[in-house]
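The values are calculated or read from the model by the stated rules, or taken from the named source; none is laboratory data. All values derive from a computational prediction rather than experimental measurement. Cβ placement follows ideal geometry from the backbone for every residue including glycine, while neighbour counts extend to all protein chains displayed.
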Amino acid sequence: MFWFRRPEVSLLDTSLAKLLLVTCHRWPNPPLMAHALVQAGWSVGMLGPWRQPARLMTGLDHLATHDPWDREAGLRRAFAAWQPDLLVPCDDSAAAMLHGYRARLGAEGDALARCIARSLGGEAHTEAVLHKSRFIEYAGALGLRVPASVTLAATADLPAALAAVGLPCMVKRDESWGGAGVAQAATAAEAAAALARFRAAPGWAQVWRAAVVQQDAGLLRQRLRFRPPGLALQAMVPGSAVNRAVLCWQGRVLAGLTIEALENLPDCGPTSVVREIGHAGIAAASARMVAALGLSGFVGFDFMLDAAGDAHLIELNPRVTPACTLLVRRGAAVAAALRAAMAGAPLPAPAPDLPDPAPHVLFPQELQRDPRSGWLDRREHRVPWDEPRLVSWCIGNALRRGQQARRGAARA
């Protein structure tokens, strides 16, 4: 069971209590993060697409919808209507939109640009923050342990890149998320096929579905102005996948949580069952990246933990991850640290990592992975039962997406 009711007394000063979550996709994770923040005492609003699942929640204080033809116009209207203290991107598209707005106006532009600068940080290193290939280069230049990686300017560079990183390897596409832009390649032919797939423009059927069904014209504009995305080959590190969720402010870590994946959705998809671990190297590497990039807000770092226990940094997620929801759930100390940072008060030292040995069964990811999973009946299954309409939507969405994935795998 998980978060039964909103606290009777807010943990925060009302003058610094309004968080606007921004999402560009109809995913379950943003409303689940909103639910965790509400339970922690924040006043929470959501800006998302048409028919977003957050509309089913009862605990939100503000709900706004993107303009399907001009997302930034919708962002400006939502900001003017509610005047949030902090913006929290919940997916990579939202992070790119916020960084793009700030870049056009400058960090000292209008009130919205100033709020974005306060919320995200990282303005001097936007390329490294938003692009997988640039991030690995930046982390390696800092002396952190990263896998060998080569940025590909053209398909013709593939043989030289394979010679540099070896096989098997990972093929990664910039501006992608949820495993959709990551592929494992055991042979040169598989690497070439992944490159061709990732360099291709979105199909017109996909564009139509986004514009008409989801009321989002962003993919149509992307298709009309299509430029091949950045691509990179990355050496594969055998081991277990680990994520470090961090709450930070102006380059300083306020709180963190490290989780190891026990179950994953297929095709490099998100984790569905995790356990907390303590790892000083992961915490130190994450803190160093936060400081170097000057980050603020919620971010996630992906690592691979090899057989020797060494952690290899492989990716930055400049937005909310499922582990960030677990971090917020830890209690009042996390909310208090962010409140103090926003108010300019002296910051306490980050709390030491005290891993909870019990696994976390993530809802609805594990249901999507396997609707007959033995994990689903455990008390560690994190379901927000006090939001029954949201739970119902998440169940239907997870079952449908899981069935589609299994059909696709059977055809392949």
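Tabulated results
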{"quantity": "Yes/no for residue 41 being in a loop (DSSP other than H, G, I, E, B) and in contact with a Pro (Cβ under 8 Å, 6 or more places away or on another chain)", "calculated": "yes"}
{"quantity": "Hits in the range 104-123 - residues which are touching a strand residue (DSSP E or B) at 6+ places or on another chain (Cβ under 6 Å) and at positive phi", "calculated": "121, 122"}
{"quantity": "Meets criteria (under 28 Å from residue 380 (Cβ atoms) and at pLDDT below 90) for residue 71", "calculated": "no"}
{"quantity": "Residue 59 vs. criteria crowded, with 18+ Cβ neighbours inside 10 Å, at pLDDT below 95, touching a His at 6+ places or on another chain (Cβ under 9 Å) and more than 17 Å from residue 91 (Cα to Cα)", "calculated": "yes"}
{"quantity": "Pick from the range 385-412, criterion at pLDDT below 95 and touching a Leu at 6+ places or on another chain (Cβ under 8 Å), ranking: farthest from residue 53 (Cα to Cα)", "calculated": "405"}
{"quantity": "Selection status of residue 30, modelled with pLDDT of 90 or more, assigned to a loop (DSSP other than H, G, I, E, B) and closer than 18 Å to residue 297 by Cα", "calculated": "no"}
{"quantity": "Criterion: touching a residue at least 40 places away in the same chain (Cβ under 8 Å) and assigned by TED's automatic domain parsing to the domain that holds residue 95 - qualifying residue of 80, 36, 73", "calculated": "36"}
{"quantity": "Hits in the range 262-299 (condition: touching a helix residue (DSSP H, G or I) at 6+ places or on another chain (Cβ under 7 Å), under 17 Å from residue 132 (Cα atoms) and crowded, with 22+ Cβ neighbours inside 10 Å)", "calculated": "289, 293"}
{"quantity": "Scope the range 190-226; condition modelled with pLDDT of 70 or more and among the aromatic types (Phe, Trp, Tyr); matching residues", "calculated": "198, 204, 208"}
{"quantity": "Test result for residue 156, modelled with pLDDT under 90, more than 22 Å from the chain's Cα centre (by Cα), part of a helix (DSSP H, G or I) and not assigned by TED's automatic domain parsing to the domain that holds residue 304", "calculated": "yes"}
{"quantity": "Qualifying position, being among the hydroxyl-bearing types (Ser, Thr, Tyr) and either assigned to a strand (DSSP E or B) or in the same structural domain as residue 19 (by TED's automatic domain parsing) (or both), among 101, 138", "calculated": "101"}
{"quantity": "Count of residues meeting criterion [of a type outside the set (A, V, I, L, M), surrounded by fewer than 24 Cβ atoms within 10 Å (Cβ to Cβ) and over 11 Å from the mean Cα position of the chain (by Cα)] in the range 300-314", "calculated": "4"}
